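Colleague: Provided herewith is a single structure, encoded as structure tokens, for subsequent inquiry.
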Amino acid sequence: MPGRVTRAYMRVNLATSQNGEAESMRGLMEMMLADPGLVEKRRDELLGLHDRLEKDGLDPVQAMALAAASDGCWMNVFLGFYGPSDPRIVTVHEYLFALSRQPMWAVEGAV
């Protein structure tokens, strides 16, 4: 089924934001800022994820947009803008999951 990897990624982001792991990532972020080598390693992991998303059966732009929106939700919890149990985070993810099951429409002028 198209979008399985994308939905799995979004599920992990949602679970991470709900179970308190988002806050625990602060130390990892600080270490990455202090050690450029860790940033390079994470970049390689992220590029591998992007390859998997692009081959997930969805339009590649759709998969990346869904993952980026999910990342934004996670980051809002990480930064403390929303609490881990805030229903808005769940609602946005439910919307993203629904979008992942719909074909992307053509957007004129899109790159």
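Colleague: Considering each of 25, 1 in turn, give the residue that is free of Cβ contacts under 8 Å to residues at least 60 places away in the same chain and exposed (fewer than 11 other Cβ atoms within 10 Å of the Cβ).
Modeller: 1
Colleague: If you check residue 13 against the conditions, is it touching a helix residue (DSSP H, G or I) at 6+ places or on another chain (Cβ under 8 Å), closer than 18 Å to residue 90 by Cβ and either in contact (Cβ under 8 Å) with a residue 24 or more places away in the chain or of a type in the set (D, E, K, R) (or both)?
Modeller: yes
So that you can scan it fast, the table gives a plain yes or no per residue for (1) within 22 Å of residue 2 (Cα to Cα); (2) out of contact with any strand residue (DSSP E or B) (no Cβ under 7 Å at 6 or more places or on another chain); (3) of a type in the set (Lys, Arg):
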| position | (1), (2), (3) |
| --- | --- |
| 15 | yes, yes, no |
| 37 | no, yes, no |
| 43 | no, yes, yes |
| 76 | no, yes, no |
| 81 | no, yes, no |
| 88 | no, yes, yes |
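Colleague: Applying the selection to the range 52-110, what residues are assigned to a loop (DSSP other than H, G, I, E, B), aliphatic (A, V, I, L, M) and modelled with pLDDT of 90 or more?
Modeller: If the condition is that a residue be assigned to a loop (DSSP other than H, G, I, E, B), aliphatic (A, V, I, L, M) and modelled with pLDDT of 90 or more, then 58 is the only one that fits.
The values are calculated or read from the model by the stated rules, or taken from the named source; none is laboratory data. Every value quoted in this text rests on a predicted model; they were computed, and no experiment measured them. Glycine also receives a Cβ, built like all others from the backbone with ideal geometry; neighbour counts cover every protein chain displayed.
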